[in-house]
Structure formats: C-alpha cells, structure tokens
2 protein chains.
Amino acid sequence: MADLLAPGARLTERLGPLRIRLAADRLDALLITQPANIFYLSNFKGSAGMLLVTPDDACLVTDSRYATVAQALVAASAAEAPLTVVQVEWSYEETVCAVLTDVGVSRVGFETAHMTVARHDWLERGLAGSGVTLRGTTGLVESFRQVKDADELATMREAGGRISLVMEQVLQRLRVGRTEREVAADIDWAIRGAGFDGPAFETIVAGGPNTALPHARPGDRRLAPGDLVLLDFGGIYHGYCVDLTRMASLGTPDPAALAWHAAVREAHAAALAAVGPGVRASAVDTAARMVLERRGLGAAFAHGTGHGLGVEVHEAPRVGKHRPAAAFPGSGDEVADVRLEPGMVFTVEPGVYLPGHGGVRLEDDLVVTADGYELLTHVSLDLLVIDDAPV
Amino acid sequence: MADLLAPGARLTERLGPLRIRLAADRLDALLITQPANIFYLSNFKGSAGMLLVTPDDACLVTDSRYATVAQALVAASAAEAPLTVVQVEWSYEETVCAVLTDVGVSRVGFETAHMTVARHDWLERGLAGSGVTLRGTTGLVESFRQVKDADELATMREAGGRISLVMEQVLQRLRVGRTEREVAADIDWAIRGAGFDGPAFETIVAGGPNTALPHARPGDRRLAPGDLVLLDFGGIYHGYCVDLTRMASLGTPDPAALAWHAAVREAHAAALAAVGPGVRASAVDTAARMVLERRGLGAAFAHGTGHGLGVEVHEAPRVGKHRPAAAFPGSGDEVADVRLEPGMVFTVEPGVYLPGHGGVRLEDDLVVTADGYELLTHVSLDLLVIDDAPV
C-alpha cells in the first residue's frame, strides 16, 4: 500500500500551513470530519473516522474495522508526521469527547459543512462543563486542497493519461445494438484494468434522446443507428479523481447534432483560452457561456463550466457563474469565485441539452500553470463517427 | 424508467403513515434531505434534491440538471401521489426558504442526522421573521423504511437471486495469479451484466493475509496457491441493495482456515436460528457472538453481526451488541436495539479476523417472516476449494 500514500514529509508540509492558519484563527485544534480532508492530511481512507489536528499531533479516531490499516499508517509516517490512533469503543462522538477533554484544548474548530446537527448537538452536550468549546469553520482544509503539490500533480497527470487511453478504447468499440448499461459495464471494467481503484462516479453512457439529460443514468435502451452517444466517466487513481467526456455518432450525424457539437467545441476552446493565474473562475465560465449564447444555445447550457478535481470528484474551485454569496450557507471556497492559481486542477465541460432531442458535452481536466494551463486529458475533441458495422 | 419506480399508489401508502406521524408530533411539514428517504417517498434519485412533505402535497426542490427527470416523475405519479417540482435558481437553501415561506407552514421538521450545521445555520437566518420555525427530528422516515412492503420485497428477492448467481459464477472462475483488483473488475462487470444498476459498495476481493482486514480494498496482490479468498460484494437493483460474502481456498486450506470457517459457519447458523418477530436485534448478534467466544474467537469478531438493507446498503435495523443509547447522537433507529418485525431485511455476517494471518466472513441477506425468516441469498456456505489449475 505504501505506493498509494503521500510520504510523511508531504503530510508535514500539508499540516504546517493548516496549523499556522489555526493559530491565526485562535483555535487550539481542528476536528476534521470530511473524509477527503482526513485522507489529505493522514493518508487514511475509510468509511468512518475523525482526525483531530493539534499544534504538535494528529489524532485519528477510528473503529475496530480499521485497526490494522490505522496502525500501518502510524508505522509508515511516524518519523516525519506523528499520528496517534484512538479506537472507538461505543461511538465516535463519545470517544471524541474523551479525546478532546484529555488533550487539554479549549477552542476547537469543527467543519460546519461536514458535521450534522445531530452530531453537533451531541458533542455540545458531551462537552458541557469540560472547558472545551466548539467553533464553526468553513473550507479550511479545502482551501489548501485546491492547490495541488508536485506529488498530487504527478498522480493526476498519470491518471489523466490513463483515463484518456480508456476513452479511446471505449469509443472505438461502440456498436449499434448494445445497451447503455452493457457499455457502462465494459467501461467500468476497463477503468479497473487501466490501474484505477474504480470509477470516480457513476459512469454515464447516454444514447439518442438520453444525451439531453446532463446526469443520465445508463439504462436498457439499445444504441441505434443515427444515435449521438455521450460517454462521461472517471477513475480514482491512488486516491485522486479524473473525469472525461466525449461524444460519438453511430453513423452519419444529423445537422443539428453537428451544430451542437461545433458550438460546444468552440465554447470548450474559449474556456481554455480564458484560463490563467489571477483570472476569476467565473471568467472561464463566462467565456464558454458567451459562445453558446451567441449560437442561440445559452438556455441549453444548464450547468456550470467546470468543477475542481482532486481527492474528490467535485471540489473547489467552482467554475461557474458569479453568484451572490449571500444565497449560500457559509462562504466556503466551494462557493467563492476564486482567482485561479498555479496548481489548481479543474474540469472544463461546457454542454448543451435540448430535452426530447439530444445533447452534447465535451470535458477535459487541466491544471493552471504560471502562464496558462496544462491539459491532463488527451483525446481528440472530434465527434467520432462510427460506421454501422455488423453488430 | 417506469419499471424502476414504485407506483403512485405505493408512494401514497408510504406518505400516509408519515403524515399521521407528523400530525402527532404537531409538525406542519417535514423537510427531507436524506437522499434515500427522498427516493423512498418520491422515486427521485439524484445527487442533489430536497423534499418537503406537507399534509396534502410533496414538493421536490431540485436543480436544472434534473429538470427533465423531475417532470417525468410528476407525470408518472400525478393522479395518485401529487408532486410539485420547484427548480433551484441560486442555491437550495435560498429556494427552500422561499418555498417554506410561500406554503404557509409554521412548525417544520428537519432531519438532524442529515443536515449539516452550515445548512441549518443558513436556513435559520433565512427564515428569521418569517414565522417558520425548524424542529429537529430523528429517524422518522427511516423507521418506516425498516419494514419493507410487498413491492420492495419482490425487488429484493429478485436481487438476492441475481447476486447469488453472480457469486456462484465468480467463485468458479477464481484462479491463482490474478490480482485482487482484476477479480474485482470482473465481479463489477458481472454485477452489471446480471441487471444491476451497479455495485452497492466497493467490491471486496481479499486474498491470503488481506482476508484479515474487515474492509479490505482490492490491491495488486496476486492470488497465490494456498490463499484463502474472501469475496464480499453487492448490487443495486431497481434502487434496492443486496450484499453477499463467501470464501474460497486456492488449493487445500490449512487447518487454521478450516477451523475459522467452521466457527463462522456455526455462528452464522446460530444467528439465523435466533431470528424471529419480537426478538431484539441484539439477540441475533449475541447468538453469533457466543458461538465465536466458545471457540476462543470472540476477540477476533471485530464488528456487529449485521445491518439493515434496502434503499441504502447500511440502514436500520442495526444488528449488533446492545449499546448504551446515551453514547450516541439522537436516539435514531440506526442506533436503537429494535424488536424485529416481519418485513425487516438485514444481513447476517459473522466474521473472524486474525491480523497478519487471515480471516473468514460469511454473509447472507434475509427478511423476517411471521414465523422466522426467509433467505434472500442462496449460495452454498461451504469453503469452496479450487484446485490449482493452470493459470
């Protein structure tokens, strides 16, 4: 498992700026409940766990199912990034209250966007009279995760190359007569075969009118002659997500499909051209949106232009319309219209959707560089036309 | 998509008792944020959405990505189970505040275990002065979901049969030399091929010492002669989850492995024998645990005996040790030691884990009946011994 993990020195590099930020916010510790944040700071990936970061320690609270894995993490990173493991007896909440009281901290931050009201109420009651008080925080670890370090970029570059090969293989094998579900099963198999831990999200295979659904789910519809086909899938590689969308046509595409494809391709190019350090994320969205509006397809572009990628398949930065912050809970980075910085990784995926008719989306992943961007995914943007070979 | 959905009449049957409960709790409405609860009451399955249930309406708040799907649901169930759809403009929170204010309700329940502190704080601010007050609830819809109706049982019976066939096929094809990851990819492909929407959770393929990890993740280790192999996977069929674990040995198993397997098999039988209406869920756990303790393997049984199954792969009832409710947030049904009722569906999956050596788990799904239980999964519990055929 060692090769899947950030080295201890990296964990220390990640914890350092977070600890400086906690001190600036006059917090004695941060209780981290978001699984991706826990993985980023400790290499621990489980379905349950909490991480308490203090000025000189990181304490992982987990349960007996993960005891062996947690001990291996301690052994792997002990020299450079000390990690203590505490095992839950009855409940996470009860154990965390005991840890917080023992550690001797007073002001403890928690993640308001990743703690339920039920858990918060319980902790408040459990800590009453202990001298420990909980303070809401928003997007602290997420703001650091937005900018990838060299190890993360190396992993994501490799992942982008591998998912691109999967896309090329899958596109070549599309045939009339197969169901969306069958094609999705083949894709998921190919994703695993390419060295990914698994799909990064539910693979989308949409044919014909189903291409008009931005979040189509593969069904029993068979691909038919003349269908537009949308393939949108991703993989998790050493803990990091990539995400890619391409289009094909089974036989000669109709003129409307060609027009949608040309418009989306132009919007995709305009978005890329807008990317660079210091640019507002919303400016990338605007660049794509203006192209589609000029083509009369503005209303058909029913989502934002992109989303950050990393440990999560949707993370900061958000690349969409500039929105009124007042309409959103907190003011987290997932909402903020950030200025792009080198090392930020996100998708560019304009699309148009004409309900009942069809749709087109084209998606790539990129990292912002000092003078623009570098694509992580590499597949021709052409609408691949597949002749109606025998099934 | 129609065949994937509960008929409108079923939705009405599900909403009826919930509305009675809301009236008893003096709530004018319930704001549902848990995706499985939303699906159960509306057939809507998306990555984002909220459902507001009032005495005479159900209002689905969702965003533009799901507009077409949501309108299809309205059309499908309109006659029997009225559903209104409201589309989000800027944020879910802002839209929900507007809906709550418009609808003219006063006391509105929300799900404390499924709403973050950030969202709750925002809603409280957004509703200030509106006359709408939020009241915490716990496990309201979950308590109804525990007992499956005839449609749900028919779906889960079919799913249990299908996943059993997948297990039989996969077991027969296990071979020395394949990696855990490759076998997992084949399993996920077979799950899709058997008509499932996809795996119900990350498929577990563990060989040799990795069988000692209750939540092992498939890696690059190749299956070797003499390995114990643990396969634990499930599928989602028409929205419902099933879950199955079996063991194989590549070549003659060593005596320790045989002893673990015999003990777990006996614990599995003891758990089944304890199942029946009126029995406490913890009594099923105790029955399995006592067998393993008698065999000196009590400490090696590192988890509960089972978990409820349905729209979620882990839901109520919890089948584990009787635990002090005071140690847990709220007092939800996911924690409560319920008395079993006909129609409850859960797994029975005792296991033993000897770190560094290996482990065994055997898992089936069952529904409680008037006089005991009915198994939903049907695969021999034997340790399948696979001779070392050429790779």
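The values are calculated or read from the model by the stated rules, or taken from the named source; none is laboratory data. Since this is a predicted model, take the numbers as computed values, not measurements. Note: ideal-geometry Cβ built from the backbone for every residue, glycine included; neighbour counts use all protein chains shown. Each accessible area value is taken on the protein alone, full model and side chains, heavy atoms only, with ligands, DNA and RNA left out. Shrake-Rupley method; radii C 1.70, N 1.55, O 1.52, S 1.80 Å.
When N is the residue count of the protein assembly as shown, what does its C-alpha Rg come to as a fraction of 2.2 N^0.38 Å?
0.94
Averaged per residue, what accessible area in Å² does chain B show with a 1.4 Å probe, protein chains only?
Values: 14500 Å² over 391 residues.
About 37 Å² of surface per residue is accessible.
Sort out for me the Cα centre separation of region B:286-300 from region B:126-188, rounded to whole Å.
Answer, in whole Å: 28.
Given H placed on each backbone N at 1.01 Å, which residues far from residue A:280 in sequence or on other chains put an amide H within less than 5 Å of it?
Answer set, sorted by chain and number: A:340.
Under 30 Å Cα-Cα from residue A:45, which lysines qualify once same-chain neighbours fewer than 8 residues away are excluded?
Within reach: A:148, B:45, B:321.
Could you tally the net charge around residue B:108, taking each other residue with its Cβ under 10 Å from the Cβ of residue B:108, Lys/Arg +1 and Asp/Glu -1?
+1
Tell me whether region B:150-385 comes out rounded, prolate or oblate; compute the Cα gyration tensor, take square roots of the eigenvalues as a ≥ b ≥ c, and use a/c under 1.5 as the rounded threshold.
Oblate shape, in that a/c is at least 1.5 and b/c is the bigger or equal ratio.
If amide H atoms are built 1.01 Å from N in the plane of the peptide, which residues on other chains or at least 5 residues away come under 5 Å of the amide H of residue B:315?
B:308, B:309
Between the label point of residue A:293 and that of the same position in each other copy, find the distances and list them shortest first in nm, with every label point placed 7 Å from Cα along the Cα-to-C-beta direction.
7.0
Can you work out ³J(HN,Hα) from phi for every residue in region A:305-316, in order, using Karplus 6.51 cos²θ - 1.76 cosθ + 1.60 and θ = phi - 60°, giving whole Hz and x for Gly and Pro?
Rounded to whole hertz, the list is 7, x, 8, x, 9, x, 4, 9, 7, 10, 8, 5.
If we count every other residue with Cβ under 12 angstrom of residue B:126's Cβ, Lys/Arg +1 and Asp/Glu -1, where does the sum land?
Within the 12 Å Cβ shell, the charges total -2.
Apply 1/(1 + (r/R0)^6) to the Cβ-Cβ distance of residue A:172 and residue A:71, taking R0 = 35 Å, and write down the FRET efficiency to the nearest 0.05.
Plugging the Cβ-Cβ distance into 1/(1 + (r/R0)^6) gives 0.15.
Picking from A:339, A:119, A:246, which is most flexible by a Gaussian network model of chain A using Cα springs under 10 Å?
A:119
Only bridges with both residues in chain A count here: give the DSSP antiparallel percent, nearest 5.
Around 75 percent antiparallel, to the nearest 5.
Can you figure out the FRET efficiency of residue B:154 with residue A:165, using R₀ = 51 Å and their beta-carbon distance, to the nearest 0.05? Write out the running numbers ahead of the final one.
Values: r = 42 Å, r/R0 = 0.83.
The pair residue B:154/residue A:165 has a calculated efficiency of 0.75.
Every other copy gets compared here: list the nm distances from the residue B:129 label point (7 Å along Cα to Cβ) to its counterparts, shortest first, one decimal.
Computed spacing set for this position: 4.0 nm.
Counting only C-alpha contacts under 8 Å and six or more residues apart, can you give the relative contact order of chain B as a whole percent? Write down the numbers at each step before the final one.
Details: 832 pairs, mean separation 58.5, N = 391.
Once normalised by length, the contact order is 15 percent.
Tell me the total accessible area that A and B bury against each other, 1.4 angstrom probe, in square angstrom rounded to 100.
On the way: alone 16620 and 16600 Å², together 29000 Å².
Answer for the A-B pair: about 4200 Å² buried.
Could you list which residues have their amide H under 5 Å from that of residue A:224, counting only those 5 or more apart in sequence or on another chain, with H placed in the peptide plane?
The list, which skips near neighbours in sequence, is A:177.
Find every distance from the label point of residue A:254 to the corresponding label point in the other copies (7 Å from Cα along Cα→Cβ) and write them in nm, one decimal, shortest first.
Going from nearest to farthest copy, the values are 6.6 nm.
Go ahead and collect, in residue order, the members of region A:45-87 whose backbone nitrogen is under 15 Å from a label point 7 Å along the Cα-Cβ direction of residue B:299.
It comes to A:68, nothing else.
Could you sort B:50, B:290 by their accessible area in this structure, using a 1.4 Å probe and putting the largest first?
B:290, B:50
For the pair residue A:341 and residue B:107, how long in nm is the line joining their label points, each one 7 Å along Cα→Cβ?
Inter-label distance under the simple model: 4.9 nm.
Is the C-alpha gyration tensor of region A:1-92 telling us rounded, prolate or oblate? Criteria: a/c under 1.5 is rounded; beyond that, a/b larger than b/c is prolate, otherwise oblate.
Oblate is the answer for region A:1-92, as a/c is 1.5 or above yet b/c matches or exceeds a/b.
Rounded to a whole number, what % of the accessible area of the protein assembly as shown do carbon and sulfur atoms account for, probe 1.4 Å?
For the protein assembly as shown, the apolar C and S fraction of the accessible surface comes to 56 percent.
So, counting K/R as plus one and D/E as minus one, what does the shell of residues with Cβ under 12 Å around residue B:343 add up to?
On the way: positive: B:145, B:148; negative: B:149, B:151, B:152, B:341, B:374.
Local net charge: -3.
Grab the residue from chain B whose Cβ hugs the B-to-A rotation axis most tightly, plus its distance in whole angstrom.
B:189, 2
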